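The numbers here are math on the coordinates, done by the rules we state, and not lab data. Predicted, not measured: the structure shown is a model, and the values here were computed from it. FYI the Cβ positions are ideal-geometry reconstructions off the backbone, even for glycines, and counts take in every protein chain you see.
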Amino acid sequence: MISYLHGVLAEKGPARAVIDVRGVGYELSISLSTYEKLPGLGERAKLLTRTYLRDDTIQLFGFADAHEAGLFKMLVSVPKIGPKLALAILSGVRPDEFRDAVVSGNAARLSRVPGIGKKSAERLIVELKSKFEEDGAGPLPVAAGTPAGPVVEEALLALETLGVKSDQAVKAVERALESHGDDKDAVTVEMIVREALRGV
C-alpha cells in the first residue's frame, strides 16, 4: 500500500494532482481543500494517500493532512458512500463543519453538499454521530502549518500503520504533545509515537 507520495508537483487542478516521483507521474484525486494547500507547479509536494482497486483499476486519493485522510477513511466506511462521494463531501464542507453537522443531526446542512441527498445525509448522521461523540474526533493537535505540523502528520500516519484507529491516534498524539508543554517544536516523530503508544 502507498502511504504517501513525495515529489515534484507536475500538474494540479481542483480535483486532481500529478506528483512526479523520480520520473514516474502519479495521478491522485484530491479534494478542493487539498488543492488549495498545494504549492506551485515545479515545487516539491507531499500528499498522504489512500489506494482503491476497482474493476482492475487502481485509483489513488491524495490528502494534504492526516486529519482529512482520516475523515475520508471514516466516510468510506459508511454504506453506499464510495471514495468519489467521500471526496465530494470533503470538497463541499470543512471537516470541522461536517463534524458539527453530524453531531447536531443537521441533515439539511449535509444535504447541501453536491451528491448528498436527504437519505444519504441521514445515513451519515446515523453511522457517524456516535463515533464523533464517543471518540471526540477533532482537528489535528497541531495545525499542519506550524513547525510541528509535519511531525504530527507523520506520527499519526505511523500510529495508523501500527493498527491504531485514526480517532484514537489523534487523541494519543495530543496527549503526547501536551507532555512537552511549550517545547512542541523540538519533538520528533519517534518521541511522539513512543509516548502516544503508552497511552493507547
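Once the other residues with Cβ under 14 Å from the Cβ of residue 84 are scored (Lys, Arg +1; Asp, Glu -1), what is the net sum?
In short, +3.
Would you grab the residues whose amide H sits under 5 Å from the one on residue 4? Only those 5+ places off in sequence or on another chain, please, with H modelled 1.01 Å from N.
Excluding prolines and chain starts, which carry no amide H, the hits are 49.
Count charges around residue 61 for me, please; just the other residues with Cβ under 13 Å from its Cβ, Lys/Arg as +1, Asp/Glu as -1.
+3
No solvent, one uniform scatterer per C-alpha: report log10 I(q)/I(0) for segment 66-135 via the Debye equation at q = 0.13, 0.16, 0.19 1/Å, two decimals.
Once normalised to I(0) and log-transformed, intensities are -0.28, -0.44, -0.64.
Which whole-percent values make up P(r) of segment 13-53 when all C-alpha to C-alpha distances are grouped in 5 Å steps starting at zero?
5, 21, 35, 27, 10, 2
What distance in nm separates the simple spin-label points at residue 119 and residue 59, each placed 7 Å from Cα in the Cβ direction?
A separation of 2.1 nm, rounded to one decimal place.
Out of every Cα pair in segment 1-146, what percent are spaced more than 19 Å from each other?
Looking at segment 1-146, the distances longer than 19 Å represent 52 percent of pairs.
Quickly work out the residue 24-to-residue 36 label distance, labels modelled 7 Å from Cα along the C-beta direction, and quote it in nm with one decimal.
Those two pseudo-labels are separated by 3.3 nm.
If the cut-off is a Cα-Cα distance under 22 Å, which lysines reach residue 37, setting aside same-chain residues fewer than 8 apart in sequence?
Residue 37 reaches 12, 46, 73, 84.
So for the pair residue 108, residue 6, with labels modelled 7 Å out along Cα→Cβ, what separation do we get in nm?
4.7
Quick check: residue separation of residue 127 and residue 188 times 0.36 nm, minus the Cα distance between them. What number comes out in nm?
Full extension of this stretch gives 18.4 nm more.
Using Cα pairs under 8 angstrom and six or more residues apart, how large is the relative contact order of segment 1-94, in percent?
25
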